[in-house]
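Data block below; observations after.
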């Protein structure tokens, strides 16, 4: 069902929603850019619809809202521990098609992999509803069409801004009847990107042993600086490390936390005793790329990468994941042709 | 209600046996009934958590052989009898013990690799009738790195045990010297199709020892290995132990060699 809203109408809807929900969207984070006095688009709570940035891709993905960068698993005293409480408010997230598809991938690993769902992820994720931001056009570095993630129908409502104070929504779930009560009925179909500037060919039938030894990874050995930005900006990267901290004033009390981890950064595979794997950064790139376009699909039936292109946007060495995938594709074809 | 797999439980240290200067075996009070070859996540709140393989178990205890090599194990070695460790698990897939029944079992263990297979050895030591033959190959770096001395002496009485050290150094050692791979061809094998092999140890040792068994004609599907990786969560979420589309904490740490040989870190 389509509805249209003026800014004022949508803000009234938001203020009603905010009684029950925390509402997150891409917002301008003032002064948080890479260089001094620059801004960056990231996720934050919004007060009104004007806070939402519709015209740029967010630098960070929405995953941090329900899968925090650092999360307390439990607090402990000498021999007792207690789980942190979770806020009773539910969560609404404004995000694009690729990111909704990305959350479906996070769900696969966090909820379906192994015998039981991840307790902490589940308790936040089950509170989340999506509002899909329409993508009338593609941004730089997007390749969602190649990954088949330009489309989704997994949302409560979609929102399209005409950048002139008018908002058009395709409503699938009229949350608390608010969309129908504040909006005006309008014929409207949500917009999806149909074409990106760049397309990626994901290779099939990869022979992992052959591709791991291919010399295409060598350039990344010298170019990659192992900063891990590609992982932290990725909407589907989900690795974490468990860490204990104790309080300075009383070392017998503290907390166990989990924090995001990166397969590109030193120490990811280090074991006590000195063994580790993938010391070479080119091989770490291979590990990441193969996870995104090969391993995950074997396990869960869909590619992990959703083509948002954020890893390309954030890399300080201008390494392009999408171009690397095409290199892999060419290499796989070369290998297969060589018999 | 989703249960929280990350919450550990308290397990009292019943006994500590010091095998070497740095390898100590802890008997912990708990009833986990693990499979042979599974592991647990062991922690000390405020210090951290680490995966440790279960070296032996009974109805109301498990044993962990813990080498002092890191942040958590340094602190574990400061604990005494009746102190508590925090445990969660058991995790992973262990050895398919029934597949070894009525077969000629050969276990090749290098160094601390002996820990995850010790319970299997004890099982077949107690039930020799379940195997047609049993060979044990054990390798240590030097004579001072010996683990489970008392048990090895016990095993020697009834089992075919070959022990070798990489270097004898100046120790008073009159036994075998050389890599474990040298002793694989010396095993008496009557029917190669009856042989089942378990190889556990450092990655290089496993790789070359398996090759020796393949040279003897043991089919890959009759060889099992156990992997050591950084299993941070143990439940298939944290990603540290992932190899290709395999999670060592879920599908391993024990793998049949037909699977293990395809895994590329």
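The values are calculated or read from the model by the stated rules, or taken from the named source; none is laboratory data. Note that the structure is predicted; figures quoted are calculated from it, not measured. Neighbour counts are summed over all protein chains in view; Cβ atoms, including those assigned to glycine, are modelled from backbone coordinates with ideal geometry.
Here is how the numbers come out for the structure above:
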read-out	value
Residues (within 15 Å of residue B:73 (Cβ to Cβ) and surrounded by fewer than 17 Cβ atoms within 10 Å (Cβ to Cβ)) located in region B:21-46	B:21, B:22
Tally of residues being closer than 24 Å to residue A:42 by Cα and either within 8 Å of chain B (Cβ to nearest Cβ) or at pLDDT below 95 (or both) across region A:227-257	4
Residue among A:310, A:286 that alone is in contact (Cβ under 8 Å) with a residue 24 or more places away in the chain and under 15 Å from residue A:208 (Cα atoms)	A:286
Some residue of region A:33-43 being in contact (Cβ under 8 Å) with a residue 60 or more places away in the chain and touching a helix residue (DSSP H, G or I) at 6+ places or on another chain (Cβ under 9 Å)	no
Test: residue in region A:258-279 that is away from chain B (no Cβ under 11 Å), in contact with a helix residue (DSSP H, G or I) (Cβ under 7 Å, 6 or more places away or on another chain) and in contact (Cβ under 8 Å) with a residue 40 or more places away in the chain	yes
Helices (runs of 4 or more DSSP H) (entirely within region A:47-127) containing at least 1 residues that are more than 18 Å from the chain's Cα centre (by Cα) and over 27 Å from residue A:195 (Cβ atoms)	A:119-125
Where residue A:209 falls short, out of the listed (1) outside any loop (DSSP other than H, G, I, E, B); (2) within 29 Å of residue B:264 (Cα to Cα); (3) in contact (Cβ under 8 Å) with a residue 40 or more places away in the chain	(3)
Spans of strands (runs of 3 or more DSSP E) in region B:164-265 with at least 2 residues in contact with a helix residue (DSSP H, G or I) (Cβ under 6 Å, 6 or more places away or on another chain) and within 14 Å of chain A (Cβ to nearest Cβ)	none
Hey, residue A:324 within 14 Å of chain B (Cβ to nearest Cβ), at negative phi and surrounded by 15 or more Cβ atoms within 10 Å (Cβ to Cβ) or not	no
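Yes/no per residue for (1) within 19 Å of the chain's Cα centre (by Cα); (2) within 20 Å of residue B:84 (Cβ to Cβ); (3) in contact (Cβ under 8 Å) with a residue 40 or more places away in the chain:
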| site | (1), (2), (3) |
| --- | --- |
| B:17 | yes, yes, no |
| B:23 | yes, no, yes |
| B:29 | no, yes, no |
| B:45 | no, yes, yes |
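This table checks each residue for (1) at pLDDT below 95; (2) in a loop (DSSP other than H, G, I, E, B).
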site: B:3; (1), (2): yes, yes
site: B:6; (1), (2): no, yes
site: B:11; (1), (2): no, no
site: B:14; (1), (2): no, no
site: B:21; (1), (2): yes, yes
site: B:28; (1), (2): no, no
site: B:32; (1), (2): yes, yes
site: B:36; (1), (2): yes, yes
site: B:46; (1), (2): yes, yes
